[in-house]
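Colleague: For reference, the structure I am asking about is given below.
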Amino acid sequence: MKPKTKLDVTKAEADQIRMRVRAVRTIDGDNGSSRLAVIEDAAAMLQLLSDERVSGDVYTLPRPFSLGSIRAWIIDHQKQAKDGVGLLMVTDDDAGQIITITDFQFWPEYAACEFGGVIAAHLQSRSVGTKGIAHLCDWVFQVLGVRLIAMTASPENVRSHKLLDKLGFIRMGEMDSVRPDGSVRKSLYWELMGRSLHENIGERP
C-alpha cells in the first residue's frame with residue numbers, strides 16, 4: 001500500500017525521516033516503553049498472535065502463524081529498519097510477557113507512514129488501544145517528522161472505524177490491502193495530516 005495523497009517532499013526531508021527511523025530503539029508511552037522486536041521474541045509473539053481475539057483481521061500479520069513465519073517477519077523488519085522504511089515494535093508487561101506488537105511502514109518520499117498492530121485481549125476494553133494510537137500519531141509527527149498517516153481497516157471492523165473517526169482521521173473511500181501472502185483484502189481508508197517536525201517544535205528549516 002502507498003498513501004492516496006502524495007505530498008511534495010524534498011530529498012533532504014525524506015533523508016531526515018529515514019535517518020530518524022534508523023535511529024529508533026524504543027518508543028516511550030503511558031503504557032510502558034516499546035522496543036524493537038528481535039528474533040528471541042518470536043515464541044512470545046506467536047503465543048500472542050495465536051489468540052484470534054488479538055490477531056483478528058489485521059492484514060499485515062504473517063499468516064499462517066508459525067515460529068518460522070514470525071522469525072522471517074522480524075528479520076524482514078530488521079532490514080526495513082536499517083533502510084529507514086519500517087519498524088516492528090513490541091511492548092513487555094511487568095512479567096516480561098509481550099502485550100503489544102506494532103508494525104510501521106514508512107514512505108519517506110511522501111513524508112508518510114502507516115502503522116497497525118495488536119494488543120493483548122485483557123487490555124482491549126481499557127482504552128489502552130485508543131490512547132496508544134493517539135500517542136503514536138503524535139510520535140511519528142513530532143519525533144520522526146512524518147506529515148501524513150494513512151490507515152486502513154476491514155469493512156467489518158466497526159471498532160476501528162469509530163476509533164479512527166474519533167481521532168480525527170478523514171475517510172477517503174476504499175483501497176485494496178495486500179497481505180504478506182499476496183492475497184488481497186478490501187479495506188476502508190483514512191488519512192490524518194500533521195505537520196513537519198520543524199513546525200511542531202517551532203524550529204525553522
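Coordinate-derived values only; no laboratory data. Everything quoted here is computed from the prediction, not taken from an experiment. Note: ideal-geometry Cβ built from the backbone for every residue, glycine included; neighbour counts use all protein chains shown.
Colleague: Counting Lys and Arg as +1 and Asp and Glu as -1, each charge on the Cβ, what is the dipole of region 37-195 about the Cα centre in debye, to the nearest 20?
Modeller: Computed charge dipole of region 37-195: roughly 380 debye.
Colleague: Over region 31-82, what is the relative contact order in whole percent, taking alpha-carbon pairs under 8 Å and six or more residues apart?
Modeller: Worked out over region 31-82, it gives 40 percent.
Colleague: Among [x] 35, 18, 16; [y] 25, 20, 17; [z] 32, 23, 16, find the value of semi-axes √(5λ) of the Cα gyration tensor in Å that was calculated from the structure presented, and write down its label.
Modeller: Read-out taken from this structure: [y].
Colleague: At 15 angstrom or more along the helix axis (alpha-carbon based) and mean Kyte-Doolittle of -1.0 or higher, what helices does the chain contain? Whole DSSP H runs only.
Modeller: Flagged H segments are 11-23, 67-83, 128-142.
Colleague: Let me have the relative contact order for the chain, percent, based on Cα pairs under 8 Å that are six or more residues apart.
Modeller: Relative contact order comes out at 21 percent.
Colleague: In the structure displayed, which of K79/K131; K2/K186; K82/K186; K2/K82; K131/K166; K11/K131 lie more than 22 Å apart, Cα to Cα?
Modeller: K79/K131; K82/K186; K11/K131
Colleague: If I take R0 = 41 Å and measure r between the Cβ atoms of D94 and M1 in this structure, what FRET efficiency does the formula 1/(1 + (r/R0)^6) give, to the nearest 0.05?
Modeller: Efficiency at R0 = 41 Å is approximately 0.70.
Colleague: At 7 Å along Cα-to-Cβ for each site, give me the label-to-label distance between R185 and K79 in nm.
Modeller: Simple spin-label model gives 2.3 nm for this pair.
Colleague: So what is the 222 nm mean residue ellipticity for the chain from helices alone, if each DSSP H run of at least 4 adds -39500 (n - 2.57) and you divide by all residues, rounding to the nearest 500 deg cm²/dmol?
Modeller: My calculation for the chain gives -10000 deg cm²/dmol from helical runs alone.
Colleague: Net charge within 14 Å of V24 by Cβ-Cβ distance, Lys/Arg positive one each and Asp/Glu negative one each, not counting V24 itself?
Modeller: My count for the surroundings of V24 gives +3.
Colleague: In addition: Within straight cross-link reach of K4, meaning Cα distance under 19 Å, which aspartates and glutamates are found once same-chain residues fewer than 8 apart are removed?
Modeller: Candidates past the 8-residue exclusion: E109, E114, D165, E174, D176, E191.
Colleague: Still on this structure, please answer the following. How far apart, in nanometres, would the label points at W139 and E52 be if each is projected 7 angstrom from Cα along the Cα-to-Cβ direction?
Modeller: 3.0
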